[in-house]
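Notes to accompany the following structure.
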Amino acid sequence: MVALKTIFKFYFQLIMKTQTLTKNFEIGQICDCGISQTSYYIVTRISKSNVWFKSIPSLIIDDELKNTWGGQKWHSLPNFKVIDGKNVPLYTGKEFRQKLYINDDNEQYCYRPYVGIIKPWMGDIAYNDSM
């Protein structure tokens, strides 16, 4: 368990050096979406009314939560590398476009039907539950 916490701490420090923690979308920024199961995306283009994303895989953390619940509950992080200070996903899905919205706190977000709200990822480890 101690080694696992050390790995998380190292990974989190690496993310904080490369991941911008803004409330607005930026090209190359990692975003998350979901309530019970988190999906991750990377921003590829931005216009004044739309944002284009590509889906990226998540890295499932093999910890006590996953082992206790038989894989029905787990923690996850986006699976990407940092190359020359830029977030580069290992694999990407097909690019898609979503309409850009701004809430009362001037935070940008996109709504994807049947999936949820896509917002900039703040570096948190996501809790997932498929029960």
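The values are calculated or read from the model by the stated rules, or taken from the named source; none is laboratory data. Everything quoted here is computed from the prediction, not taken from an experiment. Cβ: placed from backbone, ideal geometry, glycine included. Neighbour counts: every protein chain shown.
Residue-by-condition table, conditions (1) at positive phi; (2) in contact with a Phe, Trp or Tyr (Cβ under 7 Å, 6 or more places away or on another chain); (3) not acidic (Asp, Glu):
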| position | (1), (2), (3) |
| --- | --- |
| Tyr41 | no, yes, yes |
| Ser49 | no, no, yes |
| Phe53 | no, yes, yes |
| Ile60 | no, yes, yes |
| Glu95 | no, yes, no |
| Cys110 | no, yes, yes |
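The set of residues in the range 52-65 that are surrounded by 13 or more Cβ atoms within 10 Å (Cβ to Cβ) and not aliphatic (A, V, I, L, M) comprises Trp52, Phe53, Lys54, Ser55, Pro57, Ser58, Asp63. For the condition under 18 Å from the mean Cα position of the chain (by Cα) and either within 27 Å of Ser130 (Cα to Cα) or β-branched (Val, Ile, Thr) (or both), Asn79 qualifies.
Residues that are closer than 18 Å to Ile27 by Cβ, in contact with a strand residue (DSSP E or B) (Cβ under 9 Å, 6 or more places away or on another chain) and not in a loop (DSSP other than H, G, I, E, B) do not occur anywhere in the range 61-77. Within the range 27-43, being outside any strand (DSSP E or B) and without any contact (Cβ under 8 Å) to a residue 24 or more places away in the chain holds for one residue alone: Ile27. From the list Gln19, Gln37, the one residue that fits, being modelled with pLDDT of 75 or more, within 15 Å of Pro78 (Cα to Cα) and surrounded by 13 or more Cβ atoms within 10 Å (Cβ to Cβ), is Gln37. When the criteria are applied in full, Thr68 fails the requirement of being among the β-branched types (Val, Ile, Thr) and surrounded by 16 or more Cβ atoms within 10 Å (Cβ to Cβ).
For the range 53-75, filtering for residues that are within 15 Å of the chain's Cα centre (by Cα) and either more than 24 Å from Ser130 (Cα to Cα) or free of Cβ contacts under 8 Å to residues at least 12 places away in the same chain (or both) leaves 1. Evaluating Ser49 against the criteria (1) surrounded by 13 or more Cβ atoms within 10 Å (Cβ to Cβ); (2) touching a Leu at 6+ places or on another chain (Cβ under 6 Å); (3) among the polar types (S, T, N, Q) leaves one unmet condition, (1).
Of everything in the range 70-112 that is of a type in the set (Phe, Trp, Tyr) and over 17 Å from Ser47 (Cβ atoms), the residue that is modelled with the highest pLDDT is Phe80.
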